[in-house]
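Data block below; observations after.
The values are calculated or read from the model by the stated rules, or taken from the named source; none is laboratory data. Remember, predicted model here, so these are calculated numbers, not experimental data. When we count neighbours, we look across all protein chains shown, and the Cβ atoms used for this are built from the backbone with ideal geometry, even at glycine. Accessible surface areas use protein heavy atoms only, side chains included; no ligands, DNA or RNA. Shrake-Rupley method; radii C 1.70, N 1.55, O 1.52, S 1.80 Å.
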Amino acid sequence: MLDLASLLLAALLTLLLLLQTRGFMKRALHTAVPERLLSREAERASVCSFLEEKVLQRLPGSLYISGAPGTGKTACLNRVLQEMKAELSSVQTVLVNCMSLRSSHAIFPLLADKLRVSGGQKGLQRSLTAPGPMVLLVLDEMDQLDSKAQDVLYTVFEWPYLPQSRLCLIGIANALDLTDRILPRLQARPHCCPLLLHFPPYSRQELAAIVQDRLAQASAEGVLDASAVQFCARKVSAVSGDARKALDICRRAVELVESDERKKAGDSQSESNASRVSLPQVARVLSEVYGDRMASQSGSSEGESFPLQQKLLICCLLLLIRNGKSKEIVLGKLHEVYSRLCAQRQVSAAGQGECLSLCSLLESRGIVALKKAREARLTKVFLKIEEKDVENALKDRTLLGSILAAGLPS
Ligand SMILES: Nc1ncnc2c1ncn2[C@@H]1O[C@H](COP(=O)(O)OP(=O)(O)O)[C@@H](O)[C@H]1O
Ligand SMILES: [Mg+2]
């Protein structure tokens, strides 16, 4: 009798422990400021040196940080600000997440309030050029300041370069098209050219390391299969290299298992063994997030967007055109670069023959033109639309941006 009771108690305790670990793990997979920042050494060093060489030397300046969502821009900046808190104690630091603004012009009253200045935009300008402590202004998600007239961003980026300015500005842009449009115009003004720091997408290895590190922090390495983590990292890196997405997918998979268990426990009195989260759950979440396009990569989806393989081909074509002098690319060369890109992104590549038929599909949609040759390898492929319109045609800014930013695959 006693034995049975203690056995039950032990089973209950084990179950509680497992559930608790899972709670820990879910919290560890959060997407707030991480306790540990993995990789990103070069980017961290660049932010540090901007702070050391500008802000701490009382020199005004600006830094423009770009990168697709989830590439660690906010995490990296917050980490550095925390680490340099003591050094920055005499600097008036103002952080604004522009997402919270109702309109782009709302930035002025908000800043006036934070800096305790009256007189709106004019008052701010006067105050920032009057004697006082250095001001470090961080505008996160500054895409939101992108008004139609684009005047707000230009005004703010000009402040550090006003005579006697005491402002250092760090602007973080998530949408790569903002960088395409805004940065050239800022850099074209020699008197207020910001430093540029780009965050490339995370690789599969980096994504897996970030997720694993979080699991390790919760001492929950065993609850989520290593193979499931790898699978998730591989898929996410093939699309966007977004750490937030990788963490969200793993967390969601844990929740799925939990809700399945709750259902099972409701159905029957069976012993509710807290099971492990493995590949099938992660695959299920992945197809929820990305649709079947990701589940089967050869999917022949009609409709507005292009299948992954065709997107990758167009990206390669664009890379080759940008890197060379000619607008005509022979299929052999295109296939070679495309194969390397697929290898890099862990996507299975189509052979040269299939590649030609993919090009024909793209031709039928008016994206490219083909000049057939006797040998498939020598078929010439040209882009039939403007380079700048490719982004719209693909409806996948993130993928295109990340591939173009990385340059020709080696
Ligand atoms: N290098 C990293 N190490 C650990 N966690 C990271 C790292 N990069 C990103 N993350 C996690 O992914 C989430 C998304 O990163 P974030 O910095 O918000 O991206 P971004 O600002 O570029 O959109 C962060 O909240 C953080 O938890
Ligand atoms: Mg961010």
Practice problem: Considering only segment 180-228, state which residues are under 18 Å from the mean Cα position of the chain (by Cα), among the aliphatic types (A, V, I, L, M) and over 30 Å from Y161 (Cα atoms). | Solution: L207, A208, A209, I210, V211
Quiz item: Is it true that some residue in segment 203-215 is within 16 Å of ligand 2 (Cβ to nearest atom), out of contact with any Ser or Thr (no Cβ under 9 Å at 6 or more places or on another chain) and assigned to a helix (DSSP H, G or I)?
Solution: no
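Can you report the number of residues in segment 160-177 which are among the polar types (S, T, N, Q) and open to solvent by 70 Å² or more (accessible area, probe 1.4 Å)?
So the answer is 1.
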Practice problem: Please enumerate the residues belonging to segment 178-197 that are crowded, with 16+ Cβ neighbours inside 10 Å and either in the same structural domain as C342 (by TED's automatic domain parsing) or within 16 Å of ligand 1 (Cβ to nearest atom) (or both). | Solution: L178, T179, L197
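Tally up the residues in segment 376-386 that are open to solvent by less than 60 Å² (accessible area, probe 1.4 Å) and either more than 11 Å from C359 (Cα to Cα) or touching a Lys or Arg at 6+ places or on another chain (Cβ under 6 Å) (or both), please.
Going through segment 376-386 one residue at a time, the tally reaches 4.
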Quiz item: Which ones in segment 164-177 are in contact with a Phe, Trp or Tyr (Cβ under 6 Å, 6 or more places away or on another chain) and within 16 Å of ligand 1 (Cβ to nearest atom)?
Solution: G171
Practice problem: Tell me which residues, restricted to segment 198-220, are open to solvent by 30 Å² or more (accessible area, probe 1.4 Å) and closer than 19 Å to A233 by Cα. | Solution: P200, P201, S203, R204, Q205, E206, A209, Q212, A216, Q217
Exercise. Kindly provide the set of residues from segment 82-109 that are of a type in the set (A, V, I, L, M) and either at pLDDT below 95 or within 13 Å of ligand 2 (Cβ to nearest atom) (or both), ordered by number.
Key: L95, V96, M99, L101, A106, I107
Quiz item: Can you pull out the residues in segment 35-50 that are within 13 Å of R214 (Cβ to Cβ) and either basic (K, R) or at pLDDT below 75 (or both)?
Solution: R36
Quiz item: Any idea which of (1) within 12 Å of ligand 1 (Cβ to nearest atom); (2) within 20 Å of L77 (Cβ to Cβ); (3) modelled with pLDDT of 90 or more is the one V211 doesn't satisfy?
Solution: (2)
Quiz prompt | Search result, residues across segment 34-57 that are among the basic types (K, R) and either more than 16 Å from ligand 2 (Cβ to nearest atom) or touching a Pro at 6+ places or on another chain (Cβ under 9 Å) (or both) | solution = R36, K54
Self-check item: Filter result for the condition that a residue is of a type in the set (F, W, Y), more than 24 Å from the chain's Cα centre (by Cα), modelled with pLDDT under 90 and more than 16 Å from ligand 1 (Cβ to nearest atom), over Y161, Y154
Solution: Y154
Exercise. Give me a count of the residues in segment 223-257 that are crowded, with 20+ Cβ neighbours inside 10 Å, within 16 Å of ligand 2 (Cβ to nearest atom) and not small (G, A, S).
Key: 3
Exercise. Report yes if some residue within segment 194-210 is under 19 Å from D248 (Cα atoms), of a type in the set (V, I, T) and touching a Cys at 6+ places or on another chain (Cβ under 8 Å); otherwise report no.
Key: no
